[in-house]
Structures are given as structure tokens and as C-alpha cells.
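The structure appears right after this line, and notes come after that.
Nothing in this text is a laboratory measurement; each read-out follows from the coordinates by a stated rule. Computed from a prediction, not measured in an experiment: that's the story for all the values here. Please note: Cβ atoms are built from the backbone with ideal geometry, for glycine as well, and neighbour counts cover all protein chains shown.
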Amino acid sequence: MSPQAPAHSRPQVRAAGAVPWRVGHRGRLEVALVHRPRYKDWSWPKGKLDPGEVPPTAAAREVAEETGLDVVLGLPLPDQHYALGDGRRKVVHYWAAEVADDIHRPALTARLPVERAGPEEIDGVVWVGATTARGLLTRRTDHAPLDALEAFWRRGRLRTQVVAVARHGQARKRSDWDDGEATRPLTDAGRDQAAALVPVLAAFGVRTVVSSPWRRCLHTVTPYAKAARVTVDRSELLTEAAFHEDPTSAVALLREILADPQDVLVSTHRPVLPAVMDAVDAATRPWTVGGVPTKDPYLRTGQMLVAHVSTARGRPRVVALERHRPAVEAAD
């Protein structure tokens, strides 16, 4: 028998889940828990990532499988880290999640169907108040996501909308394309990146798409737009040419989008990203979770920055920031 590999050399087990929440009777915060008969425990809906899957996609899928609820991911909550019986480390990524409504129909349309977990896996789903949930949860480590969710709730920051900024997928090299920058296309890897973005964007409930009309940006968002059955709003202000002519134009557009966020995806070019990041950064506060990228290239090809924006107090405030890039082999 081969000797067992040391724990530090074994691959980390990754999982994802969510804390579904809603406003219940008399404006009370309620959350959904699931009961697993195999473990005889109450916990948050969660599960392991499928091969090639990224955590947000897995989180939305697991909630749908275990509760039957189609949810839209909101604010990221604290990860959970713990050791498994075989010595491996496991990390579970969590998000706050609201049940999707009619305005999120595009995102739901873009999702693949899921099979509901059977009663041998999940035999109970309950909506309860936060205090009751804390008493029901079997593991004390599951209190941390709930504590964070309650803190956002008390400060009026829990309900947010998404502004996702994506750098286009990998494109043909400038030196290899003679027909002008506006028509430079994606590579095969870039097209794979564009396709891989679809379930991630759907998990965050994206329902509006704005893009530079240049080919590589437009084709990065086309797979999602087709899957969600939405029209891409093409803006010349997001092109490299417009940015070089007037760098403030992209900032003004992003400020406009942030002021009225509608779960939007913005697709643009690397040279435009500094201005875009400045606009997002201006809407952050010292209490914002996460930060805006500050170094070139800001985002890798096919990567997106997800800003969770609250307008509860009349002005846009970025409550949290996170970055995601589907696992597709591609050069930067």
C-alpha cells in the first residue's frame, strides 16, 4: 500500500453555499436552513464545486438543489475553513442570497436546470428568524456568515444590486491583426472565457448588459446576452478611442450606472480600466468589504470585478467588491 500523502500536499476541498434571506412578518429578517438526515444537522445550503465550476455558480446551484429556491447572490459573507477527517482542509465560500423575482428573469433564463436533492439528502427546509436560526444551527462555525448578514441588515446595507465590470476575453494580438482595432477578434480561448462567464453572471442576477461596440468586448458578453435573451447596450464611451480622446467620458458613464445600478455588466478594454476603477473607487467607503484593483492590468482577460452597490441612503455606496475569473486556460 502506498504511504498516505502528507496533509499539506493534498488538494484543498472547495465548496460554496449561501444564506438565503427575506423580509418576513413585520419587517423581520428571516433566513432559510436545511436539514441533512445523513448528518442529523441543520446548516446552510452548500456543496462541493463541480469540476471547472467557480464558487458563485456552485453557491446558486446548491441552493436551488437543496431548497428548490432560485436565488440571486448578493454580498459575500465570511468563508469557513476547517479540517476534514482525512487531514485535508476544506473551505466553504458563502454569499447572502435573495429569492429571485420577475426582474431577474433574464438571469434565470440563462441558468441551466438543476435536479432537486432527494429526501435522503435534504429532508427539511425552514424559514426562521435570525435568533431561532442561531439556536438551530448544529455547528457554531455556521454562526459567522449569519453574524455578518445581520450586521449588514442592521446598517441598512444588505439589499444591493450588482455592477460587474469585465475585461474582454483573450483577443488576437495587435501585431497579428491588420484590419483595425475595432474588429480585432477573440481567440478560441477568449471565446471559451466568454462562454464560461455565463453561469457566473447568472448567479449574480445580471439583467442589463453594456459594452464597448468593438468586436472583442461585444463578443465577450454576447453568450450571456443570448442566454439571458437581453439586448446589449453598445456605448462608444467604453472604447479605447473614446477614452484616449476624453478620459472623463468613461468615468461619467460609470458614475451614471452606479447612481442607478440595475444588476448590470459593463464590458470594456484594458486601457479604459483605470478610469473605470476610479469611478468605482469613488463610491467605496472605509467600511467597504474588499478593494478596487490598483495595479495594471487591473483585471486579467475574461475576469470581472463585481461591485455590490446600495442606494438605500440616496447615493450609491459600494458595500463589497469581489473578483471572479472562470477557470479557462488563457494567457493574459
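Numbers below:
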item: Relative contact order, percent, the chain [alpha-carbon distance under 8 Å, six or more residues apart]; result: 18
item: Dipole moment magnitude, nearest 20 debye, region 161-324 about Cα centre, only Lys, Arg, Asp, Glu C-beta charged; result: 460
item: Quarter of Cα convex hull surface for region 7-154, i.e. mean projection, nm²; result: 9.6
item: Rg/Rh (Cα only; Kirkwood hydrodynamic radius) as it applies to the chain; result: 0.99
item: Crossing angle, helix 273-282 versus the chain [Cα axis fit, 0-90 degrees, rounded to tens]; result: 50
item: Cα gyration tensor category, rounded, prolate or oblate, for region 161-324 with a/c compared to 1.5; result: prolate
item: Point-to-point label distance, His143-Val23, nm (Cα→Cβ direction, 7 Å offset); result: 2.9
item: Normalised contact order of region 177-232, rounded percent, pairs of Cα under 8 Å and 6 or more residues apart; result: 43
item: Mean Cα-pair separation over length for region 6-56, i.e. relative contact order, pairs under 8 Å, 6 or more apart, %; result: 37
item: Peptides ranked, highest mean first, by Cβ atoms within 10 Å: ranges 49-55, 31-37, 233-239, 16-22; result: 16-22, 31-37, 233-239, 49-55
item: Antiparallel content of DSSP bridges confined to region 161-324, in %, to 5; result: 50
item: Most to least packed among 310-319, 166-175, 77-86 [average Cβ atoms within 10 Å]; result: 166-175, 310-319, 77-86
item: Contour minus Cα-Cα distance for Ala241 and Glu120 (0.36 nm per residue); result: 37.7 nm
item: Separation of alpha-carbon centers, region 134-167 and region 251-272, rounded to whole Å; result: 25
